[in-house]
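Only one structure is covered here, and it is reproduced in the block below.
What follows draws every value from the coordinates through simple rules; no lab data is involved. Keep in mind it's a predicted model, so treat the numbers as computed, not measured. Don't worry about glycine lacking a Cβ; one is built from the backbone with ideal geometry, like all the others, and counts go over all protein chains shown.
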Amino acid sequence: MSHYHAVVWIDHHQARIYHFNAEDIQTLRVLPENPHVHLHHHRGSDTDGHAAEDQHYYHQVAAAIADAGEVLIVGPGLAKGELVKHLDSHDPVWRKKIVGVETVDHPTDKEVVAHARKYFRVEDRLRPQRG
């Protein structure tokens, strides 16, 4: 069954990826090899208090959405922007599939898919109709 749309809910601990159409949902989960830990910045320290971006993790997420036609990226923090930055620098074709990036806290799986379906219904109505 074909799934043109996908939504990615991502933070530094996991990415939940949903490929869906009107009748069906396929769910994937991608975990980083080294889950993000919060670092504290101390005065006089040479670091900025942020962990390095996990490029392997973002590459795994990118590979999981490679066959989608359009992708919405959602999540609570910085990881969604880091994923977009990874896509920009590693594969512009993947980046062109991203139709939106939104801040969404910690919804259930059903809430993520419902939000994405609503988002894509509105987006599809705003695009010129071909035919």
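Using 0.36 nm per residue of separation minus the Cα-Cα distance, give me the extension gain between residue 21 and residue 78 in nm, one decimal.
Values: separation 57, 0.36 × 57 = 20.52 nm, distance 2.78 nm.
Difference between extended and current length: 17.7 nm.
Label sites at residue 66 and residue 4, each approximated as a point 7 angstrom past Cα along Cα to Cβ, lie 2.3 nm apart.
Coupling constants for segment 107-116 follow from the phi torsions by the Karplus curve (6.51 cos²θ - 1.76 cosθ + 1.60, θ = phi - 60°), and in residue order they are x, 6, 4, 4, 5, 4, 5, 4, 4, 5 Hz; glycine and proline get x. Along segment 11-16 the Karplus relation, 6.51 cos²θ - 1.76 cosθ + 1.60 evaluated at θ = phi - 60°, assigns HN-Hα couplings of 9, 7, 9, 6, 10, 10 Hz to successive residues, with x for each Gly and Pro. Backbone amide hydrogens, once placed in the peptide plane, bring residue 98 within less than 5 Å of 71, excluding anything fewer than 5 places away on its chain.
When you count, for each residue, the other Cβ atoms within 10 Å and take the mean per peptide, how do 112-123, 57-68, 5-16 rank with the highest first?
Values: 112-123: 16.0, 57-68: 18.7, 5-16: 21.8.
Ranking, from highest mean packing down: 5-16, 57-68, 112-123.
For residue 118, the lysines whose Cα comes closer than 20 Å to its Cα, not counting residues fewer than 8 places off in the same chain, are 80, 97, 110.
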